[in-house]
Amino acid sequence: MRRYMGIWMTGAVAAVAVALGGCAKPCVNTVPALLERQVVAPTGGGAWAISPSNDGGFIVAGFRVSQISSAGDALDNPYLVKVADDLSVQWESVLSSNEDAHILGVQPTSDGGYVYAGLTGSSVIAGRVVTDLPRILVGKVDGLGNELFRRVVEEGLTSVAHSVQVNSDDSFIVAGESGEQALSHRSNTGIVIKFDNNGDEIWTRRYARGSASGIVSACLTPGGGYVLAGVADQAAYVFEVDADGVVLWEFLSSEEDGFEDLYIARSIIQTRDGGYALVCDVFNHEDRIAVLRLDSIGEPVWATRASVETFARGYDLAEAGNGDLLVVGEASPNAPPIDVRNCARSLVVQMDHSGRVRQTKLLGINSSSAAMAIAAEGSNNVVLAGYTLSNRSYTPRSVYLMVTGVGP
């Protein structure tokens, strides 16, 4: 159960408020997106993931809040919404749950259905920070959102699945973290579980690097393996495994000159040249996001660190039709915790193939929002999925979808 209590604060960020004297900078304005749509939930909700569907539309996943009681308690239910290419809603599916549960990754299958992965027994707050004692949630719905199966996997005291990837035979993997404290990407061990198309487990692999490892994102390789990205001992960690989960190569930012400040690889994609692109945090710099390029065997090519406002975070990225990389996330003129959520804006940073920043945009309606995921729509447009926020609160209010164009 969740109790909504306004802004969450740690001791570390509380010190920032004192340093700034409690005075917040004015909120920044946004520019309109080409197309915007809010899928309003009566009591709240938001999107954590988006993927193109096989019919040209998109599947969006996250959570939707059940009725809030007079005591302030509520339940987060797994939520899927299918939209057409014009963002019109085709169907919604709120999956029943007797405890808080969120979908963090979703992918289409060849039979027209969708597999998803996330967590149950826990809530997720801004920036996909996991709370409480989660367990891995895995499931599938048909092409209309009807549930086909659901699995709860217990690994260690806590476990989370951040990403799901579907293979050509509709088997799939979920990737995440497990251990004594699988919270905020500070778990003991990265974990990958492979399932067949009926949701039955085929194998489980665990990956530890240092004292604390976690997998946040995954992508398929042409050879049937997977490249996994996350964090290990406060460094960005990327590695490839084959179809059976055997490690082929590893990259750890703390071991590479010029890349030591990269921390938490939040999303990874394979680019058309066979290499990989990742969006990362920059250690001890809340005003910067970083994009890292690796070649096909994990050797670093370049990293660009972009400063955006006082607070900025990138959550996902995509490759545009012209080869540019687009990172989405959120930005605010105020450092946490001073109304940072009240002034948060959906962020898009566009870089060319060499890492040069072409443009930075704060998109959408002029109110608090965050873009958590991105999907390509043809060669010139991309679709963002995230949420709007209630003022002075971490409570997501509605699923927020936007289409934006790719610049020159």
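Mean residue ellipticity at 222 nm, helices only, the chain: -500 deg cm²/dmol; runs of at least 4 DSSP H residues each add -39,500 (n - 2.57), and the sum is divided by the number of residues. Net charge in the neighbourhood of Val357 (other residues with Cβ under 13 Å of its Cβ; Lys, Arg +1, Asp, Glu -1) is +3.
Highest mean packing first, where packing is the average number of other Cβ atoms within 10 Å per residue, the peptides 349-360, 150-161 line up as 150-161, 349-360. Computed over neighbours whose Cβ is under 12 Å from that of Asp295, the net charge equals -2, Lys and Arg +1, Asp and Glu -1.
How large a share of the accessible area of the range 290-350, in percent, is made up of carbon and sulfur atoms when the probe is 1.4 Å and the other protein chains stay in place?
Answer for the range 290-350 is 43 percent, counting heavy atoms of protein chains only.
Annotation: per residue accessible area for the chain equals 37 Å², rounded to a whole number [probe 1.4 Å, protein chains only].
Excluding Gly112 itself, calculate the net charge of residues whose Cβ lies under 13 Å from the Cβ of Gly112, where each Lys or Arg counts +1 and each Asp or Glu counts -1.
-2
Shown for the chain: lysine pairs separated by 8 or more places, or found on different chains, whose C-alpha atoms are under 26 Å apart, numbering 4.
Comparing Gly199, Gly145, Gly224 in a Gaussian network model of the chain, where Cα atoms under 10 Å apart are tied by springs, the biggest mean-square fluctuation is seen for Gly224. Relative contact order for the chain: 15 percent, from Cα pairs under 8 Å spaced at least 6 residues apart, divided by residue count. Report the Stokes-Einstein translational diffusion coefficient (µm² s⁻¹, integer) for the range 214-271, Rh taken as the Kirkwood radius over Cα pairs, at 25 °C with viscosity 0.890 mPa s. Estimated via Stokes-Einstein, D reaches 214 µm²/s.
To the nearest 20 Debye, how big is the dipole of the chain about its Cα centre, given +1 on the beta carbon of each Lys and Arg and -1 on that of each Asp and Glu?
1320
With a ≥ b ≥ c the root eigenvalues of the C-alpha gyration tensor of the chain, is it rounded (a/c under 1.5), prolate (a/b larger than b/c) or oblate? Rounded, since a/c falls under 1.5.
The values are calculated or read from the model by the stated rules, or taken from the named source; none is laboratory data. Owing to the predicted nature of the structure, the values given are computational and were not obtained by experimental measurement. All Cβ positions, glycine included, derive from the backbone under ideal geometry; neighbour counts span all protein chains shown. Keep in mind that these areas ignore ligands, DNA and RNA; they rest on the heavy atoms of the full protein, side chains included. Shrake-Rupley method; radii C 1.70, N 1.55, O 1.52, S 1.80 Å.
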